[in-house]
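Chemist: I am attaching a structure below and will ask some questions about it afterwards.
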Amino acid sequence: MNVLVTGGAGFIGSHLVDELVKLGNSVTIADNLSTGKKENINSSCSFKKIDIRSSGMEKLFKKRKFESVFHLAAQMDVRKSVEDPLYDADVNISGGINLLENSRKYGVKNFIFSSSGGVMYGECPETLPDEERYPDPLCPYGNSKLAFEFYLNTYRYLYSMKTSALRFANVYGPRQDAYGEAGVVAIFAGSMLSGKDVRIFGDGNQLRDYVYVRDVIKGCISAIDSPCGVCNIGTGESKSVNELFYLMKNKTGYDKQPVYEPARPGELQASRMNVQKAASVLGWKAQAGFEEGVSKTLEWFEKKGMK
Ligand SMILES: NC(=O)c1ccc[n+]([C@@H]2O[C@H](COP(=O)([O-])OP(=O)(O)OC[C@H]3O[C@@H](n4cnc5c(N)ncnc54)[C@H](O)[C@@H]3O)[C@@H](O)[C@H]2O)c1
């Protein structure tokens, strides 16, 4: 199958490309390398350095006749979205519409979008929110993800395009940026393996659903045959930041205690999700246990070597 992966030089996108290539697909990456890395790019695919907002995207669609599009390119920094909501909307909404329009014109059958559960549901102290929960994004990034989900619904309605918006939980694994603003597993790995202080904002009791990247990729691929509308992709379980810290401390032999700093304004105390729809519609369930996923991630960072 002829497939386009936007954001295919990034953390999650590059794993998806690797798997699609392994399954025998002909894969094209469109990525402007704003946060993606050349070293992540699979050498068996075709890579185009391009912005998803650009008019040059049309040429690519026209030439390659994609059957499926996996749209992962995004402005995904929550704080940046607060500082510059216009830029966030430009990339995440206008850039996405550019892809949808080209998909419509050039006969794409399947459009699969990486949405976010973390920014969609707000605080979830007791119940695990399912896809029916009324979305309540509290930052521009969440709004732009939600707005694009609505565009997907519209394209499904108007043009019978098969669409899936997969709402990822907190994804972690090899290739995540240890020096970025998001991705606490990677940030802790980077600090612990280089002997630096690990900072925890707030009391460390914040709950998150951590899902291993390999599982997320399997979820994405199952959406090709089972377009699902909107679907949560997580483990359905949650761990605190403190639990994560001590698990990683034990595994690495890190000998310091965390440095607790004031909570960041707007940070959620509990961000979790119900994953029953993924099981029933996609036939998908996360396989990697928390300890297994964290160990594999640490192995990768150790091999890579931290500065
Ligand atoms: N990492 C997570 O925990 C998580 C959680 C929920 C949703 N997501 C979503 O998954 C997707 C991938 O996230 P990631 O963690 O791999 O991030 P990433 O930053 O590693 O990947 C994003 C990729 O998009 C590219 N990109 C950004 N703007 C672009 C533009 N205008 N044109 C072309 N390419 C552009 C970047 O260069 C990068 O390669 C994003 O859509 C993100 O919102 C991630």
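Chemist: Could you please report the charge total around Lys251, scoring K, R as +1 and D, E as -1 over all other residues with beta-carbon less than 12 angstrom from its beta-carbon?
Modeler: Local net charge: -2.
Chemist: Hey, what do the phi angles of the stretch 212-227 turn into as Karplus ³J(HN,Hα) couplings, whole Hz, using 6.51/-1.76/1.60 and θ = phi - 60°, x for Gly and Pro?
Modeler: Rounded to whole hertz, the list is 6, 4, 4, 5, 4, 4, 4, x, 4, 5, 5, 6, 5, 8, 10, x.
Chemist: Let me ask you something else. Can you give the FRET efficiency for Met1 and Arg133, using 1/(1 + (r/R0)^6), R0 = 30 Å, r = Cβ-Cβ distance, to the nearest 0.05?
Modeler: After rounding to 0.05, the efficiency reads 0.35.
Chemist: Given the Cα-Cα distance of Asp177 and Ser26 and 0.36 nm per residue of separation, how much length would full extension add, in nm?
Modeler: Gain on stretching Asp177 to Ser26: 51.7 nm.
Chemist: Here is a follow-up. Simple spin-label model, 7 Å along Cα-to-Cβ: Arg104 to Thr154 in nm?
Modeler: 0.8 nm
Chemist: Next question. Going highest first, how would you order 163-175, 88-100 by mean Cβ packing within 10 Å?
Modeler: 163-175, 88-100
Chemist: Still on this model: What list do you get for Val108, Val17 if you sort them by fewest beta carbons within 10 Å?
Modeler: Ascending number of Cβ neighbours within 10 Å: Val108, Val17.
Chemist: A further question follows. With a 10 Å Cβ neighbour count serving as the proxy for reagent exposure, in which order, fewest first, do Asp225, Asp209, Asp130 appear?
Modeler: Least to most surrounded, the residues fall as Asp225, Asp130, Asp209.
Chemist: What does the extension gain come out to for Tyr246 and Glu302, with contour length at 0.36 nm per residue minus their alpha carbon separation?
Modeler: Using 0.36 nm per residue and subtracting the Cα-Cα distance, I get 18.4 nm.
Chemist: Still on this structure, please answer the following. Using 1/(1 + (r/R0)^6) with R0 = 25 angstrom and r between the beta carbons of Val82 and Glu123, what's the FRET efficiency to the nearest 0.05?
Modeler: 0.90
Chemist: Sticking with this structure for a sec: Can you work out ³J(HN,Hα) from phi for every residue in the stretch 42-56, in order, using Karplus 6.51 cos²θ - 1.76 cosθ + 1.60 and θ = phi - 60°, giving whole Hz and x for Gly and Pro?
Modeler: Result, ordered by residue: 5, 6, 8, 10, 9, 10, 10, 7, 7, 8, 5, 7, 7, 5, x Hz.
Chemist: With +1 on each Lys and Arg Cβ and -1 on each Asp and Glu Cβ, how big is the dipole of the chain about its Cα centre, in debye rounded to the nearest 20?
Modeler: So the magnitude is around 1240 debye.
Chemist: Whole Å is fine, so just give me how far the alpha carbon centre of the stretch 47-116 lies from that of the stretch 233-304.
Modeler: 28 Å
Chemist: Trypsin sites (Lys or Arg not before Pro) within the stretch 24-99: which are DSSP loop residues with at most 14 other Cβ atoms inside 10 Å?
Modeler: Sites meeting the loop and neighbour criteria: Lys37, Lys65.
Chemist: Follow-up question, since we're still on this one. What's the local net charge at Val69, with K and R +1, D and E -1, over the other residues with C-beta under 13 Å away?
Modeler: Summing Lys and Arg as +1 and Asp and Glu as -1 gives +4.
Chemist: On to the next question. Return the sequence-ordered ³J(HN,Hα) values of the stretch 235-240 in whole Hz as given by the Karplus equation 6.51 cos²θ - 1.76 cosθ + 1.60 applied to θ = phi - 60°, using x for Gly and Pro.
Modeler: 9, x, 10, 9, 10, 8
Chemist: Next question. Among Ser14, Ser34, which comes first, then next, by fewest other beta-carbon atoms within 10 Å?
Modeler: With the sparsest Cβ surroundings first, the list reads Ser34, Ser14.
Chemist: Which one of Ala270, Thr154, Gln257 is farthest out on the positive end of the charge dipole of the chain, using unit charges on Cβ (Lys, Arg +1; Asp, Glu -1) and the Cα centre as origin?
Modeler: Thr154
Chemist: Next question, about the same structure. Sort by residue number and report every cysteine in the chain with no other cysteine beta carbon within a distance under 4.7 Å.
Modeler: Taking the Cβ cut-off of 4.7 Å, the unpaired cysteines of the chain are Cys45, Cys124, Cys139, Cys220.
Chemist: Give, rounded to the nearest 20 debye, the magnitude of the charge dipole that the stretch 1-79 has about its Cα centre when Lys and Arg contribute +1 at Cβ and Asp and Glu contribute -1 at Cβ.
Modeler: Computed charge dipole of the stretch 1-79: roughly 320 debye.
Chemist: About its Cα centre, what dipole magnitude does the stretch 170-307 give when the only charges are +1 on Lys and Arg Cβ and -1 on Asp and Glu Cβ, stated in debye to the nearest 20?
Modeler: 240 debye
All of the numbers you see were taken from the coordinates with simple rules; none came from a lab. Keep in mind it's a predicted model, so treat the numbers as computed, not measured. Cβ: placed from backbone, ideal geometry, glycine included. Neighbour counts: every protein chain shown.
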